[in-house]
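Visitor: This is the structure I want to talk about, given as structure tokens.
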Amino acid sequence: MALNDPVKRKIVLQRVLNKLICRKCGAINSPRAKKCRRCGSRNLRLKKAELRGKGA
């Protein structure tokens with residue numbers, strides 16, 4: 001299902017991509033996190049913003 005409405009697309013992308021990933025254990029953390037919720041590491045990165053699927 002393709003999203004043609006730019007407003008809805010922006011909301012979905014923000015919801016899906018606005019997360020931090022722990023480089024040590026791979027856990028998904030909130031965007032406000034200072035350390036990993038699972039292992040306590042401070043080595044966090046933003047989720048990659050690659051779009052997958054048809055037409056992207």
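Visitor: Over all directions, how big on average is the projection of the convex hull of the alpha-carbon atoms in the chain, in square nanometres?
Guide: Values: hull surface 17.7 nm².
Over all viewing directions, the chain projects a mean Cα-hull area of 4.4 nm².
Visitor: Count of lysine pairs in the chain with Cα atoms under 24 Å apart, counting only pairs 8 or more residues apart in sequence or on different chains?
Guide: Counting lysine pairs in the chain gives 21.
Visitor: Relative to the first principal axis of the alpha-carbon coordinates of the chain, what is the inclination of helix 6-17, with its axis defined by its Cα atoms, in degrees from 0 to 90 and to the nearest 10?
Guide: The helix 6-17 is inclined about 20 degrees to the chain.
Rule-based calculations on the coordinates, nothing more; no lab input. Computed from a predicted structure; not experimentally measured.
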